[in-house]
Amino acid sequence: MDLFQSCLDLLMASKDTLTAALCWLLFYLVNYPDWQQSLHQEIMKVCGASGYPSYSERSRLPHVQAFISEVLRHASVVCVPPQHMLKVGATTLQGYDIPANAQVCANLWAVHHDESLWLNPHRFSPDRWLTPQGEYTECSTLIPFSIGQRLCVGSQLAEMVIFLFLTTLVQDFTFKPPEGVHDLPLDSTYRLARSPLPFDLIVECRKSN
Ligand code: HEM
């Protein structure tokens, strides 16, 4: 029963979150064609037309890393993770009193859009992750999987899936908005995760060109 419940927990926690993250990747690829082009060029330069990138090669793909980090920040797939309850009695955190048995809930959206942490946080700008020399820099205030002891247990799997999904698709396909559509609207829906509203897109195979 414990094994069954654990498998169910993993499935429930991964299905909506990962699906939403993959939809956001497609959304931003369509809305930012220049970035799509630059990701394609970088992947072709590092891997050529025949080989697909492996996750261990990610440090050689700074634009891909920057794009993924910016999607996770800007879209903030899990804006407000499930609440947690204090295990200890009343305590204080940065001057705030937290009573015993209080339920505490993080706001990851607020962290990812905090003007004291990010320049123009509402702007989608993968450049913010790149140094002037074009190297990718990590930032500890990007916390899409939350932080602390209850950090998402699937974070490494999710990062791997997102990287492989993005690089493999961008290598072989181009993604465009439907005829006459310029920008897909940033409207979203939220259940367990924040997802873009359903949108149409045109997928063209690069190899047939
Ligand atoms: C982009 C994809 C994902 C995002 C953004 C995400 C985000 C999160 C966040 C913010 C939490 C809450 C942490 C907290 O309570 O402080 C969480 C919990 C959790 N996630 Fe993920 N997650 C993703 C993918 C996955 C995948 C692929 C799996 C499993 C294979 C998974 C399994 C879990 C589980 C089991 C928990 C509960 C952990 C606990 O309560 O200790 N997640 N996730």
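Derivation of every value follows stated rules applied to the coordinates shown; laboratory data play no part. The model shown is predicted, which means the values in this text are computed figures rather than measured ones. Positions of Cβ are backbone-derived with ideal geometry, glycine not excepted, and every protein chain shown enters the neighbour counts.
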(message) Given an 8 Å cut-off on Cα distances and at least 6 residues of separation, report the relative contact order of the chain as a percent.
(response) 28
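Highest mean first, what order results for 30-39, 161-170 on Cβ atoms within 10 Å? Provide the component values of the computation, followed by the final result.
Numbers: 30-39: 17.3, 161-170: 19.0.
Highest mean packing first, the order is 161-170, 30-39.
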(request) Tabulate in residue order the Karplus-calculated ³J(HN,Hα) for segment 88-100, using 6.51 cos²θ - 1.76 cosθ + 1.60 with θ = phi - 60°, rounded to whole Hz; enter x for Gly and Pro. (result) 9, x, 4, 8, 10, 9, 6, x, 9, 7, 10, x, 4
(request) Have a look at T174, T19, T92 and tell me which one the Gaussian network model of the chain (Cα, springs below 10 Å) gives the largest fluctuation. (result) T92
(message) Starting from a Cα-only point model with no solvent, please compute log10 I(q)/I(0) by Debye for segment 1-122 at q = 0.22 1/Å.
(response) -1.26
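Just to check, using Stokes-Einstein with a Kirkwood Rh over alpha carbon pairs, what's the diffusion coefficient of the chain at 37 °C and 0.692 mPa s in µm²/s? Walk me through the intermediate numbers first.
Working: Rh = 18.9 Å.
In µm²/s, the coefficient rounds to 174.
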(request) Using the Karplus curve 6.51 cos²θ - 1.76 cosθ + 1.60 with θ = phi - 60°, work out ³J(HN,Hα) for each residue of segment 153-160 in order, rounded to whole Hz, and write x for Gly and Pro. (result) 6, x, 4, 5, 4, 4, 4, 5
(request) Quick one: which residues, 5+ away or cross-chain, put their amide H under 5 Å from the amide H of I202? H built at 1.01 Å from N. (result) K176
(message) Taking amide H atoms as placed 1.01 Å from N in the peptide plane, list the residues 5 or more away in sequence, or in a different chain, whose amide H sits under 5 Å from that of A102.
(response) L86
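When only C-alpha pairs under 8 Å and at least 6 residues apart count, what is the relative contact order of segment 76-179, in percent? Walk me through the numbers on the way to the answer.
Numbers: 81 pairs, mean separation 21.2, N = 104.
Normalised by residue count, the contact order of segment 76-179 is 20 percent.
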(request) Find the centroid of the Cα atoms in segment 62-96 and in segment 1-24, then give the distance between the two in whole Å. (result) 18
(message) If you average 1/r across every pair of different Cα atoms in segment 1-57 and take the reciprocal, what Kirkwood value do you get, in Å?
(response) 14.2
(request) Work out, step by step, the length gained on full extension between L157 and L86: first 0.36 nm times the residue separation, then minus their alpha carbon distance; give nm to one decimal. (result) 22.7 nm
(request) Would you kindly calculate the mean projected area, averaged across all directions, of the convex hull enclosing the Cα atoms of segment 119-209, in square nanometres? (result) 9.0
(message) Amide H of R194 versus every other amide H placed in the peptide plane: which residues, excluding those fewer than 5 positions away on the same chain, fall under 5 Å?
(response) V78, C79
(message) Below 21 Å, Cα to Cα, which lysines can K45 reach? Residues fewer than 8 away in the same chain don't count.
(response) K207
(request) Tabulate in residue order the Karplus-calculated ³J(HN,Hα) for segment 172-184, using 6.51 cos²θ - 1.76 cosθ + 1.60 with θ = phi - 60°, rounded to whole Hz; enter x for Gly and Pro. (result) 9, 9, 10, 10, 10, x, x, 3, x, 9, 9, 10, 6
(message) If each DSSP helix of 4+ residues adds -39,500 (n - 2.57) and the sum is divided by the residues in the chain, what number results at 222 nm, nearest 500 deg cm²/dmol?
(response) -13000 deg cm²/dmol
